[in-house]
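Asker: Take this structure first; my questions come after.
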């Protein structure tokens, strides 16, 4: 569970971008990281309000359906699919690039040519799909291992660099809105995905205790790691300016490459897990093809949804590699799409808190107030990110994203016209069954209705 | 995983007391009670109540019902209550047992054997069986307990305390290998017997009631003086067997 959330956040690449932010804007990076962390923690609080009250594989999709109704819920689902989907593509590409980079550093490969990258990415994609279908238990242990390893490697590298002094040029001090927006976007990008732990709540042992904890602590802990990375890099710059700056250890770049590769692979895998479970929930609600809601007879994983994602998750990166598009260029796009889609989903979930709590009669001033604050912060971030995107000439991407969400709504309208009850019954979650309730204490309707909805 | 369970601190008596009060109120009000109603009934502030119910749900003492508003007591309470909790026997099953009682003129008891626990659900009102606590603690002695033990791969895992096989009477089976042999026989015959092992003046024959998929759900026992039980007529046994067979269908909702 924690593994899932942490790996979608992918701390070590985030730490690398934290150092890049320092290079771009100097000491101001630390407060920006703090701000992004605060914003994400606020969203975490909002998500925890739901996670404490229901266990749903569809995570935010189901939460928003319960709070704001089917249309908003479906919108959230589409945004999440887009967000996780672009993360999978981004991470798979990045991971493939790093593995090839590592092999090149290690001298196994003559150069960083296209063919090896293609093969490596295809292999990684196949491995990822296999692990996702095989089930959570394997992948959680594996991702946690990969993450821990890569965080240690990157931290070591940064500490060594800080100790020896880095040759990076001290950045210019002026700070304008554009730089701030870009930095905030990087900071948020580094943190999104922490909510993905919810997707596994149905499969966890004590979901109502564990999931809220994970959702709250992941952004906070990862934010702290990023701030630490930024500070280490600042120290390195300061010492470098003082005249140090010896050569780095030769082994470190290779190790860092490997660490980043494994972290990105873990991120791809965890995003895949999350997106598959959103699709699965939509299939279960029968607002998407019901086949998506089928689980594997032996591993009890939503394998149809997993295979359905393969063309997108593995096919797109391979196509891009075959077309020979430069990696940086494409990941800039994907980053914008992912961040914006995540922010939209977050905004909706924050807005959903108040109506949800009100509906179940558990609204308190503190909870709704915090959710409203989080919504405001996220809305502000969306404006900034869209502005940054427009400045980079990526307006068409924003339009495309909005268009995709519209298509999603049109699809939902079509479903509603054909089968209105499906839409109104949206928001499948893992309800208590007679088995969970004290004998004799269960109301009658549960005895008949509960069991069939149980998933495991 | 993030399940770093803190050791119990024991320094928040007020919070624990409030949590227990909430639990009691849910038990009193019945399933479906909402957090707001709890807060009103207990005079606790809503925020505190919501925090407490969510904590109790997280620890699985309470269960949130599918409408997300109402609460009911959860599994953990069952585990606490153990053998004490009685559940209503479905009406059809109670009728079947009553009919058997009228025909065999022996004590007839129905016990739930789900979840590896022995729990009397329909004890004979005229000839009450030994107390639940005795039966549940000394599974090796009673016929119903033997049914339950025979179902396990390793009977010692289910009854760790019973490893010493306490002698309730001189007849109680005392050696693990003797018990193992007896359990093997139970597995083969699908009938468990005891003669004066719980009380010197009682003997008992118990038959399993199984789900369609073969899971042990309950045990149906007839009990009386050991010499009468030893010399039961075959048609009495057939009646018990048929009743157990009927119960399999009727007890599907018994938890």
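Every read-out reported here was derived from the displayed coordinates using simple, explicitly stated rules and does not represent laboratory data. Owing to the predicted nature of the structure, the values given are computational and were not obtained by experimental measurement. Note: ideal-geometry Cβ built from the backbone for every residue, glycine included; neighbour counts use all protein chains shown.
Asker: What residue among B:107, B:72, B:218 shows peak mean-square fluctuation when chain B is described by a Gaussian network model with Cα springs under 10 Å?
Answerer: Its mean-square fluctuation being the largest, the pick is B:72.
Asker: Average partner chain C-beta neighbours within 10 Å, per residue of B:206-215? Can you show the working numbers first?
Answerer: Values: counts 0, 0, 0, 0, 0, 0, 0, 0, 0, 0.
Partner-chain Cβ atoms within 10 Å, mean over residues of B:206-215: 0.
Asker: What ranking of B:76, A:66 emerges when the number of other C-beta atoms within 10 Å of each C-beta is taken as an exposure proxy, fewest first? Mind dumping the intermediate values first?
Answerer: Numbers: B:76 17, A:66 23.
Listed from fewest to most nearby Cβ atoms, that is B:76, A:66.
Asker: Taking the Cα atoms only, what angle lies between the long axis of helix B:13-29 and the longest principal axis of chain B, rounded to 10 degrees?
Answerer: For helix B:13-29, the angle is close to 60 degrees.
Asker: Here is a follow-up. How far apart, in nm, are the 7 Å Cα→Cβ label points at residue B:127 and residue A:220?
Answerer: 6.4
Asker: While we're on this one: Calculate the FRET efficiency for residue B:156 and residue A:145 from the Cβ-Cβ distance with a Förster distance of 30 Å, rounded to the nearest 0.05.
Answerer: Numbers: r = 36 Å, r/R0 = 1.21.
My answer for the efficiency is 0.25.
Asker: Got a sec? How would A:16, A:269 order by Cβ neighbour count within 10 Å, fewest to most? Display every interim value, and only then the final one.
Answerer: Working: A:16 21, A:269 29.
So the residues, fewest neighbours to most, are A:16, A:269.
Asker: Test of understanding: in a Gaussian network model of chain B with alpha carbons linked when under 10 Å, which of B:176, B:90, B:13 would top the mean-square fluctuation ranking?
Answerer: B:13
Asker: Which value in nm describes the separation of the simple spin-label points at residue A:159 and residue A:238, placed 7 Å from the Cα toward the beta carbon?
Answerer: 1.8
Asker: Ranked by Cβ crowding within 10 angstrom, fewest neighbours first, how are A:278, A:386 ordered? Walk me through the numbers before you get to the answer.
Answerer: Details: A:278 31, A:386 18.
Ranked by crowding around the Cβ, least crowded first: A:386, A:278.
Asker: Expressed in nm², what is the orientationally averaged projection area of the convex hull enclosing the Cα positions of the stretch B:86-253?
Answerer: Working: hull surface 35.4 nm².
Mean shadow area of the hull around the Cα atoms is 8.8 nm².
Asker: Here is a further query. For residue A:373, project a label point 7 Å along Cα to C-beta. Then give me every residue of the stretch A:40-57 with its amide nitrogen under 11 Å of that point.
Answerer: A:42-43
Asker: Label-point separation (nm) for residue B:40 and residue A:205, each offset 7 Å from Cα along Cα-to-Cβ?
Answerer: Label-label distance for residue B:40 and residue A:205, simple model: 4.0 nm.
Asker: Between residue A:390 and residue B:15, what's the calculated FRET efficiency when r is the beta-carbon distance and R0 is 41 Å? Round to 0.05. Don't skip to the end; give the middle numbers.
Answerer: Working: r = 52 Å, r/R0 = 1.26.
The pair residue A:390/residue B:15 has a calculated efficiency of 0.20.
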